[in-house]
Amino acid sequence: MLTPSALTAAPSTATPSIASPGLWWLTIAGIAALFALDFAITRRPHDPSLREAAAWSAFYIAVPLAFGAWLWSAYGSAQGLEYVTGYLVEKSLSVDNLFVFIVLLAAFAVPRELRQRVLLLGVAGALLLRAVFILLGAQLIATFSWTFLLFGAILLGTAVKVGRDALSPADHAVDVSTLRSVRLVRRFFPVTDAYAGTRLTVPHDGRRALTPLALVTVAILGTDVVFAVDSVPAVYGITGDPYLVLVTNAFALLGLRALYFVLENALSSLVHLGHGLALILGFIGAKLVLHWAHGVWPGVPEVPTLLSLGVIVGILATVTVTSLLSVRRSGRADPSPSREDRPDRRVGRGEQRPDLRQRG
């Protein structure tokens with residue numbers, strides 16, 4: 001098994017990690033402590049106020065910024081710049097992930113007071129999955145020279161898909177009964193129709209049955225796999241250091257629980273975010289392909305990190321401004337329902353909650 005100690009001794013084909021084994025374990029302990037703090041916050045289910053969510057969002061932005069300042073001071077501007085750029089990419093992708101979370105939480109009619117716990121479980125699954133993908137990515141980069149070409153192809157393909165979705169004029173409806181993860185779980189376990197607080201299982205007809213909270217958690221974990229496939233190659237396009245890849249992913253994910261409640265209404269105004277993410281993923285994919293080609297043909301130019309940061313910031317700033325202008329011109333900012341209200345008319349507000357019980 002690839003351990004943090006092994007990552008620091010990667011072959012010359014991989015970027016040497018700045019982290020010692022001690023820093024690896026200290027960082028992992030810090031991430032675990034932040035997750036435990038989030039778990040304690042959601043121990044008692046409640047619907048957080050905007051003020052509470054904004055305060056925690058500010059905290060989860062201040063922590064990675066402080067870490068970045070320390071990293072820049074301790075290891076130099078090159079590593080600091082890679083960290084800042086990688087974090088910005090991962091944060092942008094995590095905001096896009098919130099669109100999917102909003103759709104799923106609405107489709108499963110999750111009570112608002114339970115949404116923090118669902119999001120936290122999704123973050124936990126995403127952290128574990130991305131840790132696995134990061135370790136595998138580091139091993140691939142250390143072993144095969146064509147790994148950057150593979151990662152570049154993955155991102156270019158994802159960019160095309162994201163771009164097509166962004167150009168689609170309608171929101172994508174979600175019928176929870178057709179989700180593969182839900183259908184698989186219901187084949188083996190009975191499912192109740194009512195939520196039972198934060199409990200994932202309850203006694204039912206003499207056996208243990210899953211609650212709808214367990215089903216929506218499984219659905220979100222299923223999307224985490226897709227997100228990991230996209231996000232890990234994206235940050236490897238910024239830095240080859242697996243330590244920086246880990247911390248940028250962790251810091252981007254840990255603030256999602258609070259950020260959801262801050263942005264759940266504002267997200268519907270970012271109508272061009274998908275276009276921007278498609279451009280960013282395409283740019284990083286091309287950067288990875290050029291990096292691979294440079295190793296084969298030294299005359300092929302590479303894209304410096306500072307230029308990458310400028311391009312990413314420029315794209316995000318542009319799509320934010322154009323989104324707000326578009327919404328203002330069309331008059332859709334206030335009168336239109338949020339994405340939470342629109343994902344699937346079968347499970348909109350005020351309508352009957354979907355039947356999630358075992359059938360047949």
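Does Gln116 fit the bill of being more than 18 Å from Glu264 (Cα to Cα), touching a residue at least 12 places away in the same chain (Cβ under 8 Å) and not acidic (Asp, Glu)?
Numbers: more than 18 Å from Glu264 (Cα to Cα): no; touching a residue at least 12 places away in the same chain (Cβ under 8 Å): yes; not acidic (Asp, Glu): yes.
The answer is no for Gln116.
Output the number of residues of region 82-124 satisfying the condition of being within 23 Å of Phe283 (Cα to Cα) and over 11 Å from the mean Cα position of the chain (by Cα).
The qualifying residues number 7.
Quick one: count up the residues across region 271-324 that are assigned to a loop (DSSP other than H, G, I, E, B), among the β-branched types (Val, Ile, Thr) and either under 19 Å from the mean Cα position of the chain (by Cα) or within 20 Å of Glu90 (Cβ to Cβ) (or both). I'd like the intermediate steps shown before the answer.
At the first step, the residues of region 271-324 found to be assigned to a loop (DSSP other than H, G, I, E, B) are 271-272, 297-304.
This time we only want the ones that are among the β-branched types (Val, Ile, Thr), so: 271, 300, 303.
If we keep only those that are either under 19 Å from the mean Cα position of the chain (by Cα) or within 20 Å of Glu90 (Cβ to Cβ) (or both) as well, we get 271, 303.
Total meeting the criteria: 2.
Please state which one of Ala78, Ala62, Ala58 is modelled with pLDDT of 90 or more, over 30 Å from Thr211 (Cα atoms) and more than 21 Å from the chain's Cα centre (by Cα). So that I can check it myself, show each step before the final result.
Working: Ala62 fails: more than 21 Å from the chain's Cα centre (by Cα); Ala58 fails: more than 21 Å from the chain's Cα centre (by Cα).
None of the others qualify; the one that does is Ala78.
Return yes when Gln139 is polar (S, T, N, Q) and either under 20 Å from Val225 (Cα atoms) or outside any helix (DSSP H, G or I) (or both) and no when it is not. Quick ask: steps written out before the conclusion?
Details: polar (S, T, N, Q): yes; either under 20 Å from Val225 (Cα atoms) or outside any helix (DSSP H, G or I) (or both): yes.
Spelling it out, Gln139 is indeed polar (S, T, N, Q) and either under 20 Å from Val225 (Cα atoms) or outside any helix (DSSP H, G or I) (or both).
Give me the residue from region 309-333 that is small (Gly, Ala, Ser) and modelled with pLDDT of 90 or more and, out of that set, nearest to Leu267 (Cα to Cα). Steps first, answer last, please.
If we filter region 309-333 for residues that are small (Gly, Ala, Ser), which is where we start, we get 310, 314, 317, 323, 326, 330-331, 333.
From what is left, the residues that are modelled with pLDDT of 90 or more are 310, 314, 317.
On the way: Gly310: 24, Gly314: 19, Ala317: 15 Å.
So the residue we want is Ala317.
Out of (1) at pLDDT 90 or above; (2) more than 20 Å from Ile312 (Cα to Cα), what's the single condition that is false for Asn249?
(2)
The values are calculated or read from the model by the stated rules, or taken from the named source; none is laboratory data. In this text the structure is predicted, and so the values were computed from the model without any measurement. Methodologically, a virtual Cβ is constructed for each residue, glycine included, from the backbone with ideal geometry; neighbour enumeration extends over all protein chains shown.
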